[in-house]
Amino acid sequence: MTFERAGTESPASQPAAAGRREQPIAAIPDAVRADVEVLWSYHDMKHELHACDVGVGLGSHDLGVAVIAVRLFREGVFPRVVFTGANAPTTVARFPRGEAVHYAEYARENGVPSTAILVEPTARNTAENITFTRELLAKNDVRVQSLVLMSRPYQQRRAFATCKKVWPEVEVLCASLPLGLDEYVVSIGDARRVIDMLVGDTQRITVYAKLGFAIAQEVPSAVQAAFGRLVRAGYTSRLVPDDPA
């Protein structure tokens, strides 16, 4: 059984866009657009979805994770979903009760029965998301051979690499709310924030593999070049030390 990638919703229909302040620039600057598009495409794993044992929604500032989880549950891609995540400085104002808790509330309000939802409210990074989710599923006697990992679009590749490191025996498919780059930037409302996050996640593909946090992923030369130009253009707020020691 194969499930097509769902059609794109307009940004206005997304909960993430509601009440968005208009001060930040919600458009990719022309000078960096080509490089941003390279990174955006790289992080999309382009997985073909099929029925899996469970869905896992990774907490973040983006309610789109819960939106795609509800949609895929309704389509029968998985019979149960785990929402995982505590808070970060970038999410506590938006989700004061915790990322996973707010995601679960959204899912219940949109037709997912409580019996199909598990909440993991303590994870503070992607490795903890996966580790704590695995423990929660085992505690609830849920056997997992395959899962759909749902995240922000630009987090797919890093989430995949982390999951395969922490939980290597499980089949992992990645999914996000299917918005194009420009639609996603509008839904978030801040182009610089999105570009900074793209640059940061690209760097983490290499750094986290070196540190043993994730499996190694190929980084094509075009991606490396685009990353370097964006760093030189000043999109550096989400970079981590190459050598934390």
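Here the Karplus curve 6.51 cos²θ - 1.76 cosθ + 1.60, taken at θ = phi - 60°, turns the phi angles of segment 159-165 into couplings of 5, 4, 5, 5, 4, 5, 6 Hz, with x standing for Gly and Pro.
Close amide-amide hydrogen proximity is noted between residue 214 and 209, each under 5 Å apart and 5 or more residues distant or on a separate chain (H modeled in the peptide plane; Pro and chain starts excluded).
Would you work out the relative contact order for segment 110-245, in percent, from Cα pairs under 8 angstrom that are 6 or more residues apart?
With pairs under 8 Å counted, the relative contact order is 22 percent.
Seen from all directions on average, segment 152-245 presents a Cα convex hull projection of 6.8 nm².
Take 205, 195 and order them by how many other Cβ atoms sit within 10 Å, fewest up front. Provide the component values of the computation, followed by the final result.
Details: 205 21, 195 26.
By the 10 Å Cβ count, ascending, the order reads 205, 195.
Amide H contacts for residue 26 (H built 1.01 Å from N in the peptide plane; partners 5 or more residues away or on another chain; cut-off under 5 Å): 191.
Computed over the Cα atoms, what is the radius of gyration of segment 22-232 divided by 2.2 N^0.38 Å, N being its residue count?
Working: Rg = 16.7 Å, N = 211, 2.2 N^0.38 = 16.8 Å.
Compactness ratio reported: 0.99.
Residues whose amide H comes within less than 5 Å of that of residue 55, counting only those at least five positions distant or on another chain, are 80, 81, 82, 148 (H built at 1.01 Å from N in the peptide plane). Taking θ as phi - 60° and the Karplus parameters 6.51, -1.76 and 1.60, the scalar couplings of segment 56-62 work out to 10, x, 7, x, 6, 7, 9 Hz in sequence order, x denoting glycine and proline.
Using θ = phi - 60° in the Karplus curve 6.51 cos²θ - 1.76 cosθ + 1.60, the 3J(HN,Hα) couplings for segment 81-91 round to 9, 10, 9, 10, x, 8, 9, 10, x, 7, 10 Hz; x is entered for Gly and Pro.
Listing 45, 150 from the residue with the fewest other Cβ atoms within 10 Å to the one with the most, what is the order?
Details: 45 18, 150 29.
If I rank by nearby Cβ atoms, fewest first, I get 45, 150.
Using only the Cα atoms, work out Rg/Rh for segment 71-119, with Rh taken as the Kirkwood radius, to two decimals. Show your work: numbers first, answer last.
Working: Rg = 11.5 Å, Rh = 11.3 Å.
With Rg and the Kirkwood Rh in hand, the quotient comes to 1.02.
Every read-out reported here was derived from the displayed coordinates using simple, explicitly stated rules and does not represent laboratory data. Everything numeric here is computed off the predicted structure, so don't read it as measured data. So basically every Cβ, Gly included, is an ideal-geometry build from the backbone, and we count neighbours across all protein chains shown.
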